[in-house]
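The values are calculated or read from the model by the stated rules, or taken from the named source; none is laboratory data. No experiment lies behind these values; they were computed from the predicted model shown. All Cβ positions, even for glycine, are placed from backbone atoms using ideal geometry, and neighbour counts span all protein chains on display. Remember, those area values only see protein heavy atoms, side chains included, never the ligands or the DNA or RNA. Shrake-Rupley method; radii C 1.70, N 1.55, O 1.52, S 1.80 Å.
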Amino acid sequence: MDSIQIHGGVALQGKVRIQGSKNAALPILAGTLLTKETSYIRNCPKIADVYGMINLLKSLGCHVSWEESGIRVNAKDICRGEMQGEAITGMRSSLCLLGALLGRCGEVVMEYPGGCVIGERPIDLHLSALSKMGVVFTEEQGRIRANARKLCGAHIKLSVASVGATENILLAAVMAQGETLIEGAAREPEVVALCYFLRCCGAVIEGIGSSRLHITGNRLLHGADFMVPSDRIVAGTYLFAAVATGGNVLLEAAPYTQMEAVLNVAEKMGAQCIAASEGLYVQAGERPMAVSQLRTAPYPGFPTDLQSMALAVLTTSEGQCRIEETIFENRFRVVEPLREMGADIQVCDAHRVIVKGVEKLHGAAMEAKELRGGAALVLAGLMAEGESIITDCKYIYRGYENICKDLRELGARIVSV
Ligand code: EPU
């Protein structure tokens, strides 16, 4: 079941429920390590990265069970801070276990984390911030050894508002001696969710949602029952799928308050978006209109994780759009397959493309090379005339619990094969 087959040309209609957020669930699961008590994390998506995180927690000695509506974790028996294997090297978010484990055990040995091939993805900000908190890093046969005999609060200024680095510092800071101030912190909703989870466990964090987070460390944390918010990127993907096909959908539980920049773009493309207590209603125009400029930016800007989907929609828009990707340097890998479907895209450099809308795309055989780019190809397949087949969909399934079933519920002719 590694391929997806799509017969395009159907306008999406109906409703679909949005899954829990991958990028919120993963650091929160890492955060369950910080207490000896049991935590219950609800609304986690059933995707490969969450299973990977569960395996890592188990390998560290945690008791983990996936029950009906959530994941129960007890970390009282953590025996060592040593992590290796595919779950580390294949998953970027394994990195947030570093901060959590330093907070809990004081020593960690781990392989370098992996993740999608969307850019260089260095970890210098993580390492320099944790060093400021007293952690000593050494490299040992290609692995990182981190030692914190005494983890101390620090004043950390992030030169880039890195989501992962902010999360790692938070996880270490709630256990450190003294106060930590993070300036230039990432404000993404997933960071906010982690802060609220840690607060539920008894942590003292001020400035939540701002770029200046103040943490009072060294509190004895307790377990918490916490609900992971809905996934704004999955909601945005289905929103753009509706816009791409001229659809009319209800995205149940879509976290629209976190999606202002995305809704703005969808409205410029001609869609009407109406927020309601049950979710987000989207009524798209027959053919998307072009937006003249689209620039990704840290939250509350337009998310890099939805840039490829917006690009796919714009290939059939009326007009021309200049897209600038400011976060990662390898996020235009979808250009080639989209061109094969008939799209007119000019690559200016690693960060800029110009899309000239064409009347229609035609179906093609394509390969999903990464998670969000793969999802964008699904959208292109939904818009195109005829049949498309996308291979190597394991990348897509890392972030989408049930993309084919969800889109079928909206009337799309799509199956995994
Ligand atoms: N950066 C550095 N040094 C560091 C860390 C980051 O230079 O030590 C740079 C990166 O190269 C990038 C920028 O800072 O240019 C922002 O990267 P960030 O650290 O914010 O990204 P991340 O934490 O690795 C998370 C999400 C990504 C999402 C980005 C940006 C998770 C697990 N991943 O990555 O999500 O694109 O934030 O919002 O939370 C996805 O879900 O498909 C995905 C890639």
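Can you work out the PRE-style zone for Glu179? Point 7 Å along Cα to Cβ, and I want the residues of the range 191-216 with backbone N under 13 Å.
205-207, 213-216
Hey, can you grab everything whose amide H is under 5 Å from the amide H of Thr316? Only 5+ residues off in sequence or another chain; H modelled, so Pro and N-termini drop out.
Result for Thr316 returns Val358.
Over the range 1-149, what is the relative contact order in percent, taking alpha-carbon pairs closer than 8 angstrom and at least six residues apart?
On the way: 220 pairs, mean separation 27.7, N = 149.
Computed value for the range 1-149: 19 percent relative contact order.
As a test of the formula, what do you get for the chain when each DSSP H run with n ≥ 4 contributes -39,500 (n - 2.57) and the sum is divided by the residue count, at 222 nm and rounded to the nearest 500 deg cm²/dmol? Could the numbers behind the result be given before it?
Numbers: 14 runs with 129 residues, N = 417.
After summing the helix terms and dividing by residue count, I get -9000 deg cm²/dmol.
Quantify, in whole percent, the carbon and sulfur part of the accessible surface of the chain (1.4 Å probe; protein heavy atoms only). Numbers along the way, then the final one.
Working: 7580 of 16040 Å².
Using a 1.4 Å probe with all protein chains present, the chain comes out at 47 percent carbon and sulfur.
Explain nothing, just the number: relative contact order of the chain, from Cα pairs under 8 Å at least 6 residues apart, as a whole percent.
Working: 1065 pairs, mean separation 87.6, N = 417.
Across the chain, relative contact order equals 21 percent.
At 7 Å along Cα-to-Cβ for each site, give me the label-to-label distance between Phe137 and Lys394 in nm.
2.8 nm
Once amide H atoms are placed 1.01 Å from N in the peptide plane, what residues at a sequence separation of 5 or more from Met366, or on another chain, have their amide H within under 5 Å of its amide H?
Here Ile389, Ile390, Thr391 satisfy the definition.
Test of understanding: what is the full-extension gain from Lys15 to Ile78, defined as 0.36 nm times their sequence separation minus their Cα-Cα distance?
Working: separation 63, 0.36 × 63 = 22.68 nm, distance 4.27 nm.
Gain on extension, Lys15 to Ile78, equals 18.4 nm.
Is the shape of the range 47-146 best called rounded, prolate or oblate, per the rule: a/c under 1.5 gives rounded, else a/b larger than b/c gives prolate, else oblate, with a ≥ b ≥ c the square roots of the Cα gyration tensor eigenvalues? Kindly include the intermediate steps, with their values, before the conclusion.
Values: a/c = 1.99, a/b = 1.32, b/c = 1.51.
In terms of gyration-tensor shape, oblate.
As I understand it, the value is the acute angle between the Cα axis of helix 22-31 and the longest principal axis of the Cα atoms of the chain; what does it come to in degrees, rounded to 10?
Here the helix axis deviates by roughly 10 degrees.
Tilt of helix 163-173 relative to the longest C-alpha principal axis of the chain, in degrees (0 to 90, nearest 10)?
Its long axis makes an angle of about 20 degrees.
How big is the gap, in Å, between the Cα center of the range 220-244 and the Cα center of the range 317-337?
Comparing the Cα centres of the range 220-244 and the range 317-337, I get a distance of 24 Å.
Assuming R0 = 30 Å, what is the FRET efficiency of Arg339 and Glu260, from their Cβ-Cβ distance, to the nearest 0.05?
Details: r = 32 Å, r/R0 = 1.05.
My answer for the efficiency is 0.45.
Please give the length that would be gained between Gln293 and Met227 if that part of the chain were fully extended, namely 0.36 nm times their separation in residues minus their C-alpha to C-alpha distance (nm, one decimal). Don't jump to the answer; show the numbers that get you there.
Values: separation 66, 0.36 × 66 = 23.76 nm, distance 3.60 nm.
That works out to 20.2 nm of additional length.
For the range 266-283, just list the computed ³J(HN,Hα) in residue order, Karplus coefficients 6.51, -1.76 and 1.60, θ = phi - 60°, integers in Hz, with x standing in for Gly and Pro.
Once θ is set to phi - 60°, the couplings for the range 266-283 become 4, 5, 5, 7, x, 8, 9, 10, 10, 7, 9, 4, 7, x, 10, 8, 10, 10 Hz.
Which one of Gly270, Gly342, Gly85 has the biggest mean-square fluctuation once the chain is modelled by GNM with Cα springs under 10 Å?
In the Gaussian network model the winner is Gly85.
In a GNM of the chain with a 10 Å cut-off on Cα contacts, which of Gln141, Gln307, Gln177 has the highest mean-square fluctuation?
With Cα springs under 10 Å in the chain, the top fluctuation among Gln141, Gln307, Gln177 is at Gln141.
Nearest 0.05, what FRET efficiency do Glu318 and Arg199 give at R0 = 60 Å with Cβ-Cβ as r? Please list the in-between numbers first.
Details: r = 47 Å, r/R0 = 0.78.
Taking R0 as 60 Å, the efficiency between Glu318 and Arg199 is 0.80.
Please list the non-local residues whose amide H lies under 5 Å from the amide H of Met175, H modeled 1.01 Å from N, same-chain partners needing a gap of 5 or more.
So Met175 has HN proximity to Asn218.
I need the shape label for the chain. Rule: rounded when a/c is under 1.5, else prolate if a/b > b/c, else oblate, with a, b, c from the alpha carbon gyration tensor. Working shown, then result.
Numbers: a/c = 1.90, a/b = 1.81, b/c = 1.05.
Prolate, since a/c reaches 1.5 and a/b exceeds b/c.
Please give the contour-minus-distance gain from Lys46 to Val160: 0.36 nm per residue of separation, less the Cα-Cα distance, rounded to one decimal in nm.
Values: separation 114, 0.36 × 114 = 41.04 nm, distance 3.09 nm.
Contour length minus Cα-Cα distance gives 38.0 nm.
Given the options Ile208, Ile144, Ile396, state which has the largest fluctuation in a GNM of the chain using a 10 Å cut-off (strictly under) for Cα springs.
Ile144
How far apart, in nanometres, would the label points at Glu278 and Glu68 be if each is projected 7 angstrom from Cα along the Cα-to-Cβ direction?
2.4 nm
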